[in-house]
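Take a look at the structure set out below.
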Amino acid sequence: MRGALKLFTGFGIPVFLHWTFGLIFIYILWYAQSEGLTIMETVWMTGLFMALFLCVLLHEYGHALAARRYGVKTRDIVLMPIGGVARLERMPEKPIQEFIVAIAGPLVNVVIAIVLLVLIWLLADPIHLEMLQVAFTQGSENVVIEEIPQLLQFAINLAGTNIVLVLFNMIPAFPMDGGRVFRALLSMKTGRPKATKIAAWVGQAIAMLLVMYGLWNDRFMLAVLGLFVILGARSENDMVQTEDLMSRFSVKDIVRYQFTRLRANDWMLSAIELMKHSLERHFLVFDLNDNLMGVIEEDQIIQAMNKSDVTSEIGNHLHRAETVKLSDSLLRVNYLIRQQGVGIVAVTDAEGAIVGVIDDRGLAKVVRLTERRKP
Ligand SMILES: [Zn+2]
């Protein structure tokens, strides 16, 4: 992952820290300076942030491990100042599974909050508990905060932020977990494409309210968050509608039968010439017995061109080839090309012989075909 520092790998999932995470330390220093915090108070504040991010990390593991139960892998977990993201390879499509994967994250924070509150209740001095109660009900100016032990303040703050995290995450709008929970529940009645449309609309309506409220009350962060939600809702809806469209077509609807077969022992020069003078950009590469060896894509060809590496054999530049059958639905092709960034996919007939290809341009044709169809 670019611009991110790898922390460790847990449960087989790499955890990254995004570079913007450094901004948190700058914020803490700035806050400590402007509020005149002592060194100890600054250390406690830093500790609270670190503990909070540990909770966010556990939240993301909640999603990732729930997804694993349904055979969905998690590429990585990235921690950013605004929260974490578990990048699942896909969302399980059965509504009940999506529901469980989406709710698993917030549930982790519910459990953390409950454990903390029980510990506080069992271990804290009753006098301090009473002071906390006064601070909560009558405002913090009615107690001498300094008399409450730092550890207790830390625990109550951490429990509180976990509860805020849950409430915030359960806002029923994409890309929040609440949006997915809401969509999953709707899907059980209406099917996924329609449920996504409704959930996206509701999410955007809520987001508009957030933006207006934020601007009206000078809560700039809320307004930014609202914009973020609007974008999230739109891209989620686009993705699901595209997937719905793809699932109604099969590979044989758009397969291209005319394609150039390159040989592994050809020079890169022949790939460069083909790319320059034809519409093809990615190629299947075969050995002398017509076995598929792999693919070579535009990026490698341009690289070779820039390095004037024209006489090296194509076989040295190969990528693994992905294959689909003529009868497959376009969903898998869409996943390979749009999500995995594969440039070209080989297409086989029922006997396993390679008869054609689909590339990124070919896939885009589906959208045009259906646009023409509309009155
Ligand atoms: Zn989450």
Restricting to the chain, what percent of DSSP beta bridges are antiparallel, rounded to 5?
-> 70 percent
In deg cm²/dmol and to the nearest 500, what is the mean residue ellipticity at 222 nm of the chain if only DSSP H runs of at least 4 residues count, each as -39500 (n - 2.57), divided by the residue total?
-> -19000 deg cm²/dmol
Which of the helices in the chain meet the span-like rule: DSSP H, Cα axial reach of 15 Å or more, Kyte-Doolittle mean at least 0.5?
-> 22-35, 39-69, 95-123, 126-138, 150-169, 192-216, 220-247
Classify segment 1-120 as rounded, prolate or oblate from the Cα gyration tensor: take a ≥ b ≥ c as the square roots of its eigenvalues, call it rounded if a/c is under 1.5, otherwise prolate when a/b beats b/c and oblate if not.
-> oblate
Length gained, Arg75-Thr260, 0.36 nm per residue minus C-alpha separation, equals 63.2 nm
With every protein chain present, what is the per residue accessible area of the chain (1.4 Å probe, Å²)?
-> 57 Å²
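Checking the a/c ratio against 1.5 first, then a/b against b/c, what shape does the Cα gyration tensor give for segment 146-242?
Working: a/c = 3.62, a/b = 1.81, b/c = 2.00.
Oblate.
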Scoring segment 83-172 by relative contact order with C-alpha pairs under 8 Å, at least six apart, yields a percentage of 41 percent
Positive dipole terminus of segment 304-372, leading residue within Thr348, Ser312, Val367 (C-beta point charges) = Val367
Modelled label reach - Glu147, point 7 Å along Cα→Cβ, segment 96-129 residues with backbone N closer than 15 Å | 125-129
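Rounded to the nearest 0.05, what FRET efficiency do Phe21 and Val134 have when you use their Cβ-Cβ distance and R0 = 41 Å?
Plugging the Cβ-Cβ distance into 1/(1 + (r/R0)^6) gives 0.65.
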For segment 251-373, alpha-carbon Rg and Dmax in angstrom = 14.6, 47
What percent do you get for the relative contact order of segment 4-170 when only Cα pairs under 8 Å and 6+ apart count?
-> 21 percent
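Given a cut-off of under 8 Å on Cα pairs at least six residues apart, what relative contact order in percent is computed for the chain?
10 percent
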Rg/Rh ratio calculated on Cα atoms of segment 197-253 (Kirkwood radius) = 1.26
Debye log10 I(q)/I(0) at q = 0.13 Å⁻¹ for the chain, Cα point scatterers = -1.17
The extension gain from Lys365 to Arg219, computed as 0.36 nm times the residue separation minus the Cα-Cα distance, is 48.1 nm
Pairs of lysine in the chain with Cα under 23 Å and at least 8 positions apart or on different chains: total?
-> 15
So if we plug the beta-carbon distance of Leu231 and Lys252 into 1/(1 + (r/R0)^6) with R0 = 45 Å, what FRET efficiency do we get, rounded to 0.05?
-> 0.80
Extension reserve of the Ile96-Trp30 stretch, reckoned as 0.36 nm per residue once the Cα distance is removed = 19.2 nm
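With loop defined by DSSP as not H, G, I, E or B, and exposure as at most 16 other Cβ atoms within 10 Å, which is the longest segment of the chain clear of exposed GluC sites (Glu not before Pro)?
It works out to 94-350.
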How many percent of the accessible area of the chain is carbon or sulfur, using a 1.4 Å probe?
-> 62 percent
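The values are calculated or read from the model by the stated rules, or taken from the named source; none is laboratory data. Treat the numbers as computed from the prediction; the structure is a model and nothing was measured. As a convention, Cβ positions derive from the backbone with ideal geometry for all residues, glycine included, and neighbour counts pool all protein chains shown. Calculation scope for accessible area: heavy atoms of the full protein, side chains included, ligands and nucleic acids excluded. Shrake-Rupley method; radii C 1.70, N 1.55, O 1.52, S 1.80 Å.
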